[in-house]
Amino acid sequence: SDVCSSDLAALLYSLNDCLRGFEHGRLINENGRTIRLFEVEARSITLPLGGDVQFKAWSLNGRVPGPSLRARQGERIRVVFRNGDSTSHSLHFHGVHPAEMDGVTPVLRGRTAIYEFDVNEAGLFPYHCHVAPVVRHVGKGLFGLLVVDPITPRPPADELVLVMGGYDLNNNGHNQLYAFNGIPD
């Protein structure tokens, strides 16, 4: 469902999903190696941003920001990225990974790219579309967060994710609205 909604119950559910919802992928075994597999699809959606403002966004898995992907330090992750949109997109992960997994090559409409690398450092790593102009793709909603937990688990906590973004409503290269987890202030 869309992150923003005019229905209050749906809005609260979506907000909680963005705050506390982590995509853990699924574990697969391939040639004796465990891989954490994520599936991410880019597609256009219309987001109600309050009042009469309807924004044509480019989403990842139907939401802005994209899902908060979660893995553990030392794991190999595989992100299967499908471009279900009419515009070329990609995924560029911040952090250390092989250059061929950098997500700078556009993925054409209807095509799929696979990004696979080891996550050797714990931390928070943003990801976003890297197709030029990058600012436009990010401003339309193609961004998210990769959370890599340390090998030694931290004590249990109520974990929340806040990802800030902005909306360029008139395509002038400047944001008119700013948002946390897709919901403008």
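Within region 102-110, one or more residues are at positive phi, modelled with pLDDT under 95 and under 16 Å from the mean Cα position of the chain (by Cα). For region 15-56, the set of residues classified as at pLDDT 90 or above and β-branched (Val, Ile, Thr) consists of ILE28, THR34, ILE35, VAL40, ILE45, THR46, listed by residue number. Any chance region 148-159 includes a residue that's open to solvent by 60 Å² or more (accessible area, probe 1.4 Å), more than 30 Å from VAL53 (Cα to Cα) and among the basic types (Lys, Arg)? Yes, region 148-159 contains a residue that is open to solvent by 60 Å² or more (accessible area, probe 1.4 Å), more than 30 Å from VAL53 (Cα to Cα) and among the basic types (Lys, Arg).
Say we look at region 160-171 and pick out the residues that are within 15 Å of the chain's Cα centre (by Cα) and open to solvent by 70 Å² or more (accessible area, probe 1.4 Å); which of these is nearest to SER68 (Cα to Cα)? Don't jump to the end; show me each part of the working.
From region 160-171, those within 15 Å of the chain's Cα centre (by Cα) are 161-166; that's our starting set.
Imposing the further condition that a residue be open to solvent by 70 Å² or more (accessible area, probe 1.4 Å) reduces the set to 162, 164.
Details: LEU162: 10, MET164: 13 Å.
Filtering first and then ranking leaves LEU162.
Elements of the type strands (runs of 3 or more DSSP E) sitting completely within region 17-99 and holding at least 1 residues that are closer than 18 Å to VAL131 by Cα and open to solvent by less than 70 Å² (accessible area, probe 1.4 Å): these cover 33-48, 54-60, 75-83.
When each of HIS130, HIS174 is tested for being assigned to a loop (DSSP other than H, G, I, E, B), in contact with a Ser or Thr (Cβ under 9 Å, 6 or more places away or on another chain) and open to solvent by 20 Å² or more (accessible area, probe 1.4 Å), the lone residue that passes is HIS130.
Just the residues that are over 18 Å from ILE77 (Cα atoms) and not polar (S, T, N, Q), please, taken from region 105-128. Result: PRO106, VAL107, LEU108, ARG109, GLY110, ARG111.
The values are calculated or read from the model by the stated rules, or taken from the named source; none is laboratory data. Predicted model, so just to flag it, every value in this text is computed and none were measured. Cβ coordinates were reconstructed from backbone atoms using ideal geometry, including for glycine residues, and neighbour counts include every protein chain displayed. The area values use the complete protein model at the heavy-atom level, side chains included, leaving out ligands, DNA and RNA. Shrake-Rupley method; radii C 1.70, N 1.55, O 1.52, S 1.80 Å.
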